[in-house]
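The values are calculated or read from the model by the stated rules, or taken from the named source; none is laboratory data. All of these numbers come straight from a predicted model, not from anything done at the bench. Cβ atoms come from the backbone with ideal geometry, glycine included; neighbour counts cover every protein chain shown. Calculation scope for accessible area: heavy atoms of the full protein, side chains included, ligands and nucleic acids excluded. Shrake-Rupley method; radii C 1.70, N 1.55, O 1.52, S 1.80 Å.
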Amino acid sequence: MKGSTRLARYPGAAGFAAILAFLACLVVPGQAKACACGCGVFEVGSGLMRPVQVGGFASFEYDYMNQNQNWSGKSKAPAEDNDDKQIRTNFYNANFQYMFNQKWGVLANVPVWNRYFQTEDDGELNAYHYTSLGDIRLTGVYSPFSDNMCTGITFGLKLPTGDYTYPGPDRDNQIGTGSTNSLLGGYHQGSVTADNSWAWFAQVLWDNALTWRNGYRPGDEVDLAAGLYFNAGQLSSKVSIAPVLTVLFSQRWRDSGEEADPDNTGFTRVLIAPGVQFSLSDLQVYAQVGFPVFQDMNGNQLVTKEYYKFSVGYSF
């Protein structure tokens, strides 16, 4: 994609640090054909994606993004400057993690994307609607720095399992990149108040393409997330609630290769994302809405006014 673009058992004060570890790790004028998927925003920040205890955790996540606004540099640009008009994507993710002990664990993410893509070619408006398995991510978790897993390192690979050959869309609009990517990140959390009613978390992830496929290499991307978590208390005798506010920063470099469009790929972006987690024993539900507050796009790229995230998970 041109400028490509994922809570835990409510513990009270005793287990609050573990929940924060879980939250922190989740996670040119002229005609052009260009878009900015920005999918890396789903890979960091809050969500049901990281360990809070030894054992297993399975979750399902649904994300939604509708890119229908052309953007150039730091401002909105005329729609006629970009042949691409809309990219609407439903992201479905099945996630499984297992912590063998308090230091080592593994995480698998299996995505399926459903995408509607509308573009103009020689004055004719064409639309494509396609669904495919996405690029599977396999990640290791190493957390030797504390007993409550509040600081750790993540490392792994994004595999070229997604389809990148669907007829019609350019390479940057395909569901798969065709490349094998290394994934390297880290996370940390800390208390803001002595009673742990407020705490903060941070995460960083570097996504680096190790291989090219058929003349296309996606640009490297660095995604950072930082936020506050508020222990709001019980809604009922069984259900607890915890609001979360996350700020996300993404730096995407230009794509390269003869099938790429480097003039219209790569961006810098900042988003703010309020969310809320509900917990019921071993079942956790999380919802989030994100809004761009700063965007600097190379060339002309399609952006979204907001994105949505919803996830539900079960620990065992």
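Here is how the numbers come out for the structure above:
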quantity: Enumeration of residues in the range 150-196 that are open to solvent by 50 Å² or more (accessible area, probe 1.4 Å), in a strand (DSSP E or B) and of a type in the set (S, T, N, Q); calculated: Ser191
quantity: Where Val141 falls short, out of the listed (1) closer than 19 Å to Asn90 by Cβ; (2) crowded, with 16+ Cβ neighbours inside 10 Å; (3) among the aliphatic types (A, V, I, L, M); calculated: (1)
quantity: Members of the range 235-261 that are in a strand (DSSP E or B) and farther than 22 Å from Phe201 by Cα; calculated: Arg252, Ser256
quantity: Val204, sole failed condition from (1) part of a strand (DSSP E or B); (2) more than 25 Å from Gln67 (Cα to Cα); calculated: (2)
